[in-house]
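J.: Before we start, here is the structure in question, set down as C-alpha cells.
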Amino acid sequence: PGWLLSPAGRPYLDSILHKNQRRVFGLLERPALPPALAVPTVTYKLFLAGRSGVGKTALVAWLGGTPAPPAHHETLG
C-alpha cells in the first residue's frame, strides 16, 4: 500500500494523472510511460460473435475507452 506515493512509484503515478486527477483508461488502453519505465506489453485478439443488436460494437467501444454510439447502427461482420 502506498507504493505509488514512494519515490520509486511516483513516475508511474505521474503518467496516469492529468491535472492531479486520475485519467480514465479503457481496458484496451494504457498510459504512455517514459522509455525508462516501459513495461512488457501482452498482445491478444478478441473475437466477438452474437446476434444483431446485442451490443457487440458498444462493448468494443467501452473496452477501448471511447463512448458507445448513442444510436443503433447496423455494422457488418
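The values are calculated or read from the model by the stated rules, or taken from the named source; none is laboratory data. The structure displayed is predicted, hence computed values, not measured ones. These accessible areas exclude ligands, DNA and RNA; they are computed on the full protein's heavy atoms, side chains included. Shrake-Rupley method; radii C 1.70, N 1.55, O 1.52, S 1.80 Å.
J.: How would K45, K56, K19 line up by accessible area, probe 1.4 Å, largest first?
T.: Accessible-area ranking of K45, K56, K19, largest first: K45, K19, K56.
J.: For volume of the Cα convex hull per residue in Å³, which listed value, (i) 106; (ii) 148; (iii) 94, comes from the coordinates shown?
T.: So the calculated entry is the one marked (ii).
J.: With a 1.4 Å probe and every protein chain kept in, tell me what percent of the accessible surface of the chain is carbon plus sulfur.
T.: 63
J.: Let me ask something additional. Would you pull out the residues with amide H under 5 Å of L17's amide H, same chain only if 5 or more places away, H placed 1.01 Å from N?
T.: R23
J.: Right, something else. Express the accessible area of the chain per residue in Å², computed with a 1.4 Å probe while the remaining protein chains stay in the model.
T.: Roughly 89 Å² per residue, with all protein chains present.
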